[in-house]
1. Every residue in region 154-173 that is within 11 Å of the ligand (Cβ to nearest atom) and buried (at least 22 other Cβ atoms within 10 Å of the Cβ), please.
2. Among the residues of region 370-421, write down those that are closer than 30 Å to ALA307 by Cβ and among the β-branched types (Val, Ile, Thr).
3. Of the residues SER377, SER385, SER352, only one is at pLDDT 95 or above and not assigned by TED's automatic domain parsing to the domain that holds HIS281; which?
4. Starting from region 108-133, take each residue that is closer than 21 Å to ASN327 by Cβ and small (Gly, Ala, Ser) and list its partners that are assigned to a loop (DSSP other than H, G, I, E, B) and more than 9 Å from the ligand (Cβ to nearest atom), counting only C-beta distances under 7 angstrom and pairs at least six apart or across chains.
5. Among all residue pairs at least 6 apart or on different chains, which show Cβ distances below 6 Å where the first residue, located in region 216-237, is at pLDDT below 95 and the second is within 16 Å of the ligand (Cβ to nearest atom) and in a loop (DSSP other than H, G, I, E, B)?
6. Against the condition at pLDDT 95 or above and outside any helix (DSSP H, G or I), how does GLY123 come out, does it pass?
7. Restricting the search to region 274-317, which residues are under 23 Å from ALA108 (Cβ atoms) and without any contact (Cβ under 8 Å) to a residue 60 or more places away in the chain?
8. Would you be able to tell me the number of residues in region 81-95 that are out of contact with any Asp or Glu (no Cβ under 8 Å at 6 or more places or on another chain) and either of a type in the set (Asp, Glu) or within 16 Å of the ligand (Cβ to nearest atom) (or both)?
Amino acid sequence: MFAAAVRDFPASMPRGAEQPSSNAVPGPDAVGRVLLLYSGGLDTSVMLRWIQEQYEAEIVALTVNLGQPGEDFEVVEGKARQLGAVDAILVDAREEFAGEYVLPAIKANAIYGNAYPLFTALGRPLIAKLAVEHARRTGCDTVAHGCTGKGNDQVRIEATVAALDPDLKVIAPVRQWSMSRDEEIAYAREHGIPVKGGTETPPYSIDDNLWGRSSEGSEIEDLTEPPRDAVFQLVTRPEEAPDEPELVRVEFERGCPVALDGERLELVKLLERAAQLGRRHGVGIVDHIEDRIVGLKIRDVYEVPAAAIILTAHRDLEALVSTIHQNNFKRTLEDKWAYLCYAGLWHDPLRSDLDAYMESANEVVTGEVTLKLYKGSVTPVARRSRYALYDRSLASFGESGAQFSQDSSPGFIELFTLQTRMARRVRHQQRHQPVSGPEGPSPKTLENEGEER
Ligand code: ARG
């Protein structure tokens, strides 16, 4: 048996006791059958064996396809069985991910920290929901995941499991086993676990799906250095992107992207196609200093070609069809939406409240935006919508339409600036001949200002 043994359970927690609080790590006797969220990588492969040993529990492995580029899911499923899983389940959740998670994020123009389009944060509540469903279906009493104790993902998964099925126990072996990466590789060798790409450690911690890809760790942690070219496995380096720009026309119906260059596509296909285009033109590279929920500041390098294209187009179209008041107001709700999603609070009722607003605001986001892709940049260059709050004859310098009388502008300016002018005058007076007492400026001053009406 491997050295990292049951000593890792809290001392106050005898083997076999029921969980005294939601904080406790369930002991081996409390765990019968475990639904393991299995990616096929080193951590979760080691985990698949480790849980069997430490808990003497059966493992059902669940692997979720969210459109991770280049992943061979059949191989992952086979590996789970080979490592002793009593069942290995593969769920293609791309459609649900695109429709129920990415689409609301598009409608909310969701970006965390002005940079991160939340692809990982959007995926976790779906993965956790599927874990709960399949745990119930296969008679598991516990869900296991491969997240560390320092990240956001543990929060997102456990928040969702707790919200959907409070009776399910959760184990997070990486938080317990205190193995270094080298020790994990040694464990893998000892237990005949195939390690992807031989034994050399993959240099970065990667997470990806159809909405983007993140790289963390290794030399990315050195904030004083630009990321190495080797980080970029998805997006072409802008320097090497084609010398000719490419135009792409994105069409939306009620906030949902429905066609590219006139070709109607299912959302998953459309997002994949957008990603391909963006990758070619070096679009969607983000180098982000991020505030994690657990308090750490971390540097992430993101490659988000699909999000860069779709969000840019959506924002542009929405601005055209919404009023100035809607545009200003929505931004604050968008930040709130992005934070809830980032923080794993997908099931907080505030998120569905905000979604109701987003749905309503997107009722009229129908039309198309043409973007220019060129060596890393995405720029809206043309747009059209039957809901556009735009009238060329009104906007034009040369003409004056019936709805806009320039003669009214002086009156508008007078009233619009009333408080600004009054504040300036009152404060100026107070500086030079202050009136003492809490009552402030003399009524006379205000009366005089009132006479300007
Ligand atoms: N910083 C991003 C987030 O918190 C990406 C996390 C990537 N997760 C991972 N397990 N590598 O959502």
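1. Taking region 154-173 as the starting set, the residues that turn out to be within 11 Å of the ligand (Cβ to nearest atom) are 154-157.
GLN154, ARG156, ILE157, listed by residue number.
2. Quick first cut of region 370-421, residues closer than 30 Å to ALA307 by Cβ only: 370-390.
Those that are closer than 30 Å to ALA307 by Cβ and among the β-branched types (Val, Ile, Thr): THR370, VAL378, THR379, VAL381.
3. Values: SER377 fails: not assigned by TED's automatic domain parsing to the domain that holds HIS281; SER385 fails: not assigned by TED's automatic domain parsing to the domain that holds HIS281.
Every option except SER352 fails the conditions.
4. Within 7 Å, the pairs are ALA110/PRO117.
5. GLY217/TYR204; SER218/PRO203; SER218/TYR204
6. Working: at pLDDT 95 or above: yes; outside any helix (DSSP H, G or I): no.
For GLY123, the condition - at pLDDT 95 or above and outside any helix (DSSP H, G or I) - is not met.
7. Hit for region 274-317 is ALA274, nothing else.
8. Of the residues in region 81-95, 2 are out of contact with any Asp or Glu (no Cβ under 8 Å at 6 or more places or on another chain) and either of a type in the set (Asp, Glu) or within 16 Å of the ligand (Cβ to nearest atom) (or both).
The values are calculated or read from the model by the stated rules, or taken from the named source; none is laboratory data. None of the values given here were measured: they were computed from a predicted structure. Note that we place each Cβ from the backbone using ideal geometry, even for glycine, and neighbour counts take in every protein chain shown.
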